[in-house]
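The values are calculated or read from the model by the stated rules, or taken from the named source; none is laboratory data. No experiment lies behind these values; they were computed from the predicted model shown. Note that each Cβ is placed from the backbone with ideal geometry, even for glycine, and that neighbours are counted across all protein chains shown. Note: accessible area is taken over every heavy atom of the protein model, side chains too, but ligands, DNA and RNA are not part of it. Shrake-Rupley method; radii C 1.70, N 1.55, O 1.52, S 1.80 Å.
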Amino acid sequence: MIKFSDKQLKIPEMSKPVYLATVGMSKFDRAFPETRTEELCIQALTAAADFVNMTPTELKSFIHTAYYGHFADHFGDQLLGEAVIHDRLGLDPLGTIGVKTGGATGGSTMWEAIKAVASGYSDCALALGWERMDEVPTDEGNHLISCAADKDWETPLGHIYTGYYAVMAQRYWQIFGKAEDSFRKTMAEIAVKNRGYARMNPHAHGPMKITVEDVINSPVVAYPLRVLDCCLMSVGSACGIVCDEKTAYEITDKPLRIWIGAGSHTLRVADRRDMKIPLLPNEEPGQYDNLGKRFPGGDRYPGFSSFLAARIAAYYAYNMTGVVDPSEDLDVVELHDAFTISDIQTYEDIGIRPYGDGRDYIESGDAYVINPNTNKPGKLPSNPCGGLIGCMHAVGATGLMQIAEIGYHIWNRWDEIHEPEEKWKAFSREKPIDWTSLQVKGAKRGLAISHAGVGSHVTCTILMDPNHLIKED
Amino acid sequence: MPKTEEEKGFVDIIDGRYKPRGKFHIIEKNQPIFNKDTGKLAGVTNPRDMTYIHSYGGEAPFFEGIGKGKLLATRCDNPKCDSIGSIFEPFRIYCPDCLRKATIVDITEKARNTAKIHSFIITHRSGAFNTLPKPIKFINVEFDEEVVTILMSVLVVGEPEIGKRVVPIFRTKDPTYTIMDLMFVLEGTPESELPEGFTF
C-alpha cells in the first residue's frame, strides 16, 4: 500500500506568476529524409517569433535559459543533441539542459522552464522539444523504444513496447469495457474524431476521413488494439516561451497564465501495488467503494487500468489553479491519446468522468467541438488538433505541441494557424475543400496532458486567460 | 547470419574488473543515401555492431536461479516497515518503502500453486533482436496475496485468458541467464509439450 505524507501532497507554489508568451511548431511527418533536426527546431522557434510579430533575433533577446525535450538520443545516434540544437538556434552561451521523460518529455520540458521563471532564476525561458524516429529501420526502432521498458525484466520479451502497454488496455477492455461491442465502438469513435480533426490541421501527419467500421476492421496490432486505434510515430518540433509578468507583456499584449503539475509511477506496471484511490476536488470520499461491485476485478487501484501519475499530476494542477470540475471549469483539453483506450482511461484519471464512466465523455458528445448528438458546441472538446492519433507523436515535441494548441484556442487565433492556404502549400499538403474551423469559441481555460508510455511520468498543464482566473493570486 | 565463435565477444571478471576477450565489433562500411528522383545525396547509413556489458548486481541470484529451475523473489522483513511481509516479484533488491535490503525467498512452489493470468495480450509484432516465436502471448502473472506485484512474462503453451491458472517453466538446459529463461504454460500442460530446453 502506497501512503503519502502531507508534505508530499503539498500543493506546489510558484513564487511569482508565470505566463506563456508565445508558441510555435514545425510541420510534422513520418519522415524527413532531406531535413536535419535543427531545421525543424528553427521552424518551430521562427513560428513562435512570427506569432508575436518579432524577428527570431528579437525574440531570442528575451530568452535567459533554454530547456530542451528530446527523448530518444539513441535514435539519432547523437548524445548531447541538445547542445547541437542550442548552438544552431544561436543561443550559446546561455544555460541549457536536456529533459527526458519518455512520452511526457514535452510536458516535462515545460515543467522545467516554468520552474525557472517561477523561481526568479530566469525572466524568460525557452521550452523546445523535438523527436527524430525516422533514421533507423522500423524493427530496430521498435527495439529502441522497448529500451524504455525495464531492460532486464521486459525488453528481452519481444523487444516490442506495445506488448508491455497493451496488457493494460486488455485489462481495461475486459473489466471496465466489459468487452462489449458498444465499448469497442466508443473506442473507434475517438479514432474517427481525432483523425477527422487532423484533416483541418496543416501541421498534422495522420489526417483521415474514416468511419467506425474502418477502425474496427483495421488490422489487429495487439487485441483489442487495432492499427487505427494507435497513435502516429512522427518527426517534428514544437516550442513555448514562458516569462514573468513584466517580460511577458514586453513580448505580447496577450500572454496566458500557465501552471503545471507532474506525477510519476513505476516504470514496470508489474510493480504497481494496490492502494486507495487519491481523490480529485470533484470527488467524494466513499465514491468508489462499490467500484469492484460495478466492475468485477476493478477494485485493484491503479492496477492495470488506471494511471496514478496522471491522477497525481491533475491533483497538483487543479489545486494550484482552483479547478474543481474540469468539465465545468475548462473549455478545451488536449489529451495524450496514445491509444483510443488510454484516452478513455485518462478521462477518469483526470476527473473528466469518475472511474468506470470514462466512455460517457465520448458517448455524451461532450468531447467534440460540435456535439454530434445535439449539434451544439461540445461541453469540453478534446484534441481538436487531431491529438497523437491524428496530428503527431514526435515524442519530445508532443507535450509542447499540445500546449501550443490550447494556447491558440484561448488566444482565439486557432484559425490563423490552421487555415491559411499558404501554409498548406508550404507543407505540400492539400487543404480539404470542406475545411472547417475548430476554434473553440470563447475558450478561456484549457488543459494539456503529457504522458509517458505505461504512465511512468505525466504532466498536467493548465492555461488560462489572465482575466478569467478561477483563483486569484 | 549468426556470428561464428571467433566473431563473438566474451567477458570475465578478474580481480574485480571486467576482462573482455574475443571480438566485440565488426566494422562495416557506411553507404550513401541518394534521392532516386533528384539524384542528389541526402545522407549516409551508419552501420554499427556493439555489445553492452551489463551487471545484474543484487538481482544476479534471480537470473541464476531461473536457469536452475528456481523462482526467487524478495520479501521485506523489516519489523519497522509497513510493508513487512510483502513479497516482490519482480525481485527488488531493496524494499521500496524502507530501503532496507530485502530477504531472498524461493517462491517456486507458491508460483506452481497460485499463479494465474491477471492480463494478457497477443501480438504478431516484435522488435529487432526478438527471439520469441510469434505470435507472442504476453501475460501478467499474479500470485497469492503475499506477493504484492504482478510479474510480466510470456505464455508459450496454451491460450491466455484472464484468471486462468498457469505454472512457471525454466530453461534449465543451456540457460541464457536472462528473463527469457522463465516462461509460463497453462496448468496441466504435459512436460512433452514444453519448448526445447525447458523443464517445470
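Within a straight-line Cα-Cα reach of under 16 Å, A:Lys276 can be paired with the following aspartates and glutamates, leaving aside sequence neighbours fewer than 8 residues apart in one chain: A:Asp6, A:Glu284, A:Asp289, A:Asp299, A:Glu348, A:Asp349, B:Asp82. Using Cα springs under 10 Å in a Gaussian network model of chain B, which residue among B:Val147, B:Val185, B:Val11 shows the largest mean-square fluctuation? Answer for the Gaussian network model of chain B: B:Val11.
5 Å is the cut-off here: which amide hydrogens, built 1.01 Å from N in the peptide plane, fall below it relative to A:Ser237, excluding neighbours closer than 5 in sequence? Long-range HN contacts for A:Ser237: A:Ser26. Sequentially through segment A:164-173, phi angles give Karplus couplings (6.51, -1.76, 1.60; θ = phi - 60°) of 6, 7, 5, 4, 5, 4, 4, 5, 5, 4 Hz, Gly and Pro residues having no value and appearing as x. Structure remark: mean-square fluctuation, Gaussian network model of chain B, C-alpha springs under 10 Å; the largest value among B:Glu187, B:Glu28, B:Glu109 belongs to B:Glu28. Rounded to the nearest 0.05, the FRET efficiency derived from the C-beta distance between B:Lys101 and B:Glu64 at R0 = 25 Å is 0.90. Under 5 Å between amide hydrogens, built in the peptide plane, is the criterion, and for A:Thr22 it picks out A:Ile241 among residues at least 5 positions away or on other chains. Once the 1.4 Å probe is applied to the protein heavy atoms, chain A comes out at 36 Å² accessible per residue.
Cross-link reach is defined here as a Cα-Cα straight distance under 19 Å, omitting same-chain residues fewer than 8 places apart; for A:Lys209 the aspartates and glutamates meeting it are A:Asp29, A:Glu189, A:Asp229, A:Asp337, A:Glu419, A:Glu430, A:Asp434. Where both bridge residues fall in the protein assembly as shown, DSSP classifies roughly 80% of the beta bridges as antiparallel.
Rolling a 1.4 Å probe over the protein heavy atoms gives segment B:57-199 an accessible area of 44 Å² per residue.
Within straight cross-link reach of B:Lys101, meaning Cα distance under 13 Å, which aspartates and glutamates are found once same-chain residues fewer than 8 apart are removed? Those aspartates and glutamates meeting the cut-off are B:Glu59, B:Asp77.
Remark on segment A:212-245: accessible area falls by at least 50 square angstrom from chain-alone to full-complex state for A:Val221, probe 1.4 angstrom. Were the residues from A:Ala83 through A:Asn217 laid out at 0.36 nm apart, the gain over their Cα-Cα distance would be 43.7 nm.
Between amide H atoms placed 1.01 Å from N, distances below 5 Å from A:Arg353 occur with A:Glu348, all of them 5 or more places distant or on a separate chain.
Taking the accessible area of chain A, probe 1.4 Å, and keeping the other protein chains in place, the carbon and sulfur fraction comes to 52%. Taking 24 Å as the limit for the C-alpha separation, the pairs A:Lys115/A:Lys423; A:Lys7/A:Lys254; A:Lys185/B:Lys134; A:Lys193/A:Lys376; A:Lys60/A:Lys115 exceed it in the case of A:Lys115/A:Lys423; A:Lys7/A:Lys254; A:Lys185/B:Lys134. With 30 Å² as the minimum drop in accessible area between chain alone and full protein complex (1.4 Å probe), the qualifying residues in segment B:160-191 are B:Ile162, B:Ile179, B:Met180. Using a 1.4 Å probe over protein heavy atoms, the accessible area lost on pairing A with B, summed over both chains, comes to approximately 3600 Å². The charge dipole of segment B:57-199, taken about its Cα centre with unit charges on the Cβ atoms of Lys, Arg (+1), Asp and Glu (-1) only, comes to about 260 debye.
Once the partner protein chains are put back, segment A:261-282 shows a loss of at least 30 square angstrom of accessible area, versus the chain by itself, at A:Arg268, A:Ala270, A:Asp271, A:Arg273 (probe 1.4 Å, ligands and nucleic acids excluded).
In plain terms, if you count all Cα to Cα distances in segment B:57-199 and split them into 10 Å steps from zero, the share in each step is 12, 40, 35, 12, 2 percent.
The label-point distance for B:Thr45 and A:Lys293, in a model that sets each label 7 Å from Cα toward Cβ, rounds to 6.3 nm.
Compactness ratio of the protein assembly as shown: Cα Rg over 2.2 N^0.38 Å, N = residue count?
0.97
Distance between the pseudo-spin-label points of A:Asp325 and B:Lys8 (7 Å out from Cα toward the beta carbon): 6.5 nm.
Net length available on complete extension from A:Glu284 to A:His468 is 63.6 nm, with 0.36 nm assigned per residue and the Cα-Cα distance removed.
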